[in-house]
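Have a look at the structure below before the remarks.
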Amino acid sequence: MLEQSRSTRITLRCVALAYLALLLGIPVGLVLYRTFEHGVGAVWDSVTTPAAIHAFSLTLEIAAIAVPLNTVLGILTALVLVRGRIRGKAILEAIVDLPFAISPVVVGLALILVYGRIGWFGPWLADHGIAIIFSLPGMVLATVFVSLPFVAREVSPVLREIGDEQEQAAATLGASSWQTFWRVTLPAIRWGVAYGVVLTVARCIGEFGAVSVVSGKIAGQTETLTLLVEKRFTNFDLAGAYAASALLAIIALATLLAMTRLNPRKDH
Amino acid sequence: MSTPLLSEGVGGPDSPPAQPAGPRGGTARPTRVHRRARAGGTGPLGIGVVTIWLSLIVLLPLAAVTVKALDDGTGTFWDAVSSKQAVNALVFTLVVSLVAAAINAVTGTLVAWVLVRDDFKGKGAVNALIDLPFALPTIVAGLTLIALYGKNSPVGIDVTYTRTAVLLALLFVTLPFVVRSVQPVLIELDREMEEASTSLGATPGQTFRHIVLPNLRPAILSGAALSFARAVGEFGSIVLISGNVPFQTEVSSVYIFKLQESSQNPIAAAAVAVVLLLVSLVVLIGIRVLERRGGDHA
């Protein structure tokens, strides 16, 4: 062990903690304090206005579609990436990682150029009266895009680690591939799946950039909770922005709690 | 309670006549041999579904943005990406992201070190707090920073609408990357080398520089690269605090957003987006190479 003198250790600790406090702890604490300084009642009123309730339920609605989609297809993607015998796995892996690196604004713009008025399918969709951009489907597509990698990324290493001996044994004993998956594979990867789902939920609820571009921000129609925060802030309704933020922050803290409980890297 | 114990008794009076052990292998029914046992989904059907899914959700939009950017010819494309404002925004984005990644490399390593090698009350809470920027929506992150470093700052510091504000927002959202990539390596690190180094008379500083740091370098680099990748595309946390002043605090994401929204010029927006997309791709490939190399060393 590196022999740190007591003073070095204390200094390093103080610098690290001060950095975290100034960047993270104090700002977050201050926002929570500012939100609740006029009492819980004011906050409650602010998050139960019709606009806020609609924004909240729209956010949940989008997450309720995007999360199951990304969970099922994320598990399938991980299975193909780890167990599949296919060429070009590296390319497939890179495609799965892409949403991590791409700016959400580019994602939104790209969707407009496929489904929007001037997009590839725009005229056809307009002829058939199907609205994707500036309505729910577009927002779901944007959210699915940005939260696509999480489940696949969390499940892949677990699949690699457990190996396929048990799956082979099950198959040798006559289990169909579906039974093998359901009885052998899924129980083994369930914590990885759970962790991935938690990250996906957090990302879906918190997405701002991509949704902002494709939503058109129509008040009472396509306004999610994060968009409401922005609108209230730019309309100088600071208390309202803080209240909606606090709601999101509480969801984030619950996510954080779930993350520390579930983190597959720690639960050995 | 005792029954199962009894029934397990080997060679008890009730035990059935021992079967000759030999035939077991010989008389086994010819079992179907699954040479390649498959978990559901890795068959051709699963591969097909995943390919269609990824193409539809990820590749189709990215193809559209690339093709649309070139709709009016390469001349228009070039004009859009080489306009003064676009170049300025891109250069600022790259520089500020690089600075954020560099700061993260230092502070992230320091935080990881303290979390692994030090012990103090509330360490578990601090450790959990590190992930907060991943869980907190970016727009809330921006608002949070404004509360402490904005107009109504209780400590009298107002950085809004400055380049410092952009850096601050990027440091906030990218905080976990280096910490979380260095931490596991530091936990696994064999301390005997450090002990040997110290017993041979090296100062703590020398031991850190020559023994610890070389072992951490791949993790630090890959964490910093992830921070950079995230920073280049960041939007939500910057948009409120930076004021989006052209030629000053405007990053590429915000520039694309403005082009798309106000000037009704999606072709120009797409052109700039393609450049940003290329930057993301290059960074992503760089991270893969780094990780592969780091994996070889491990």
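Nothing in this text is a laboratory measurement; each read-out follows from the coordinates by a stated rule. Model, not experiment: these values are computed from the prediction. Ideal geometry is used to build each Cβ from the backbone, glycine not excepted, and the neighbour counts take in all protein chains shown.
Remarks
- Within a Gaussian network of chain A (alpha carbon springs, distance under 10 Å), most fluctuating of A:Y19, A:Y242, A:Y195: A:Y19
- For B:I52 and B:N265, the FRET efficiency from 1/(1 + (r/R0)^6), where r spans their Cβ atoms and R0 equals 41 Å, is about 0.80.
- Residue-averaged beta-carbon neighbours from other chains (10 angstrom radius) around A:162-171: 3
- Highest mobility in the GNM of chain A, judged by mean-square fluctuation with C-alpha springs under 10 Å and restricted to A:S177, A:S245, A:S147, is found for A:S177.
- With a simple spin-label model that places each label point 7 Å from the Cα along the Cα-to-Cβ direction, the separation between A:R183 and B:L70 comes to 5.3 nm.
- Cα-based shape type of region A:58-115, given that a ≥ b ≥ c are square roots of the gyration tensor eigenvalues and the cut on a/c is 1.5: oblate
- Mean separation of Cα contacts under 8 Å, 6 or more apart, over the residue count of region A:39-262: relative contact order %: 32
- Bins of 5 Å, starting at 0 and running to the largest distance - Cα pair percent for region A:165-268: 2, 11, 15, 13, 12, 10, 9, 8, 7, 5, 4, 2, 1, 0
- Remark: mean inter-chain Cβ contacts per residue of B:229-236 equal 6, using a 10 Å Cβ-Cβ cutoff to other protein chain atoms.
- Here the Kirkwood formula, the inverse mean of 1/r across different C-alpha pairs, assigns region B:38-102 a hydrodynamic radius of 15.4 Å.
- Shape call, chain A: gyration tensor on alpha carbons, a/c limit 1.5: oblate
- For chain A, size of Cβ-based charge dipole, Lys and Arg +1, Asp and Glu -1, in debye: 540
- Computed per residue of the protein assembly as shown from DSSP H runs no shorter than four, each worth -39500 (n - 2.57), the mean residue ellipticity at 222 nm is -23000 deg cm²/dmol.
- Loop-located GluC sites (Glu not before Pro) in region B:145-234 (DSSP state other than H, G, I, E, B) with a sparse environment of at most 11 neighbouring Cβ atoms within 10 Å are absent.
- Value of D in µm² per second that Stokes-Einstein yields for region A:61-165, Kirkwood Rh from Cα pairs, at 10 °C (1.306 mPa s): 104
- Cα gyration tensor category, rounded, prolate or oblate, for region A:106-220 with a/c compared to 1.5: prolate
- Centroid-to-centroid, using Cα positions, region B:57-100 and region A:160-191 are 46 Å apart.
- For region B:64-297, diffusion coefficient by Stokes-Einstein and Kirkwood Rh (Cα), 20 °C, 1.002 mPa s, µm²/s: 109
- Taking Lys and Arg as +1 and Asp and Glu as -1, the other residues whose beta-carbon sits under 13 Å from that of A:F208 total -1.
- Each part reduced to its alpha carbon centroid, region A:3-78 and region B:228-298 end up 23 Å apart.
- Here r is the Cβ-Cβ distance between A:R190 and A:W124 and R0 is 56 Å; the resulting FRET efficiency, rounded to 0.05, is 0.85.
- Annotation: Cα Rg of the protein assembly as shown relative to the compact-globule expectation 2.2 N^0.38 Å equals 1.10.
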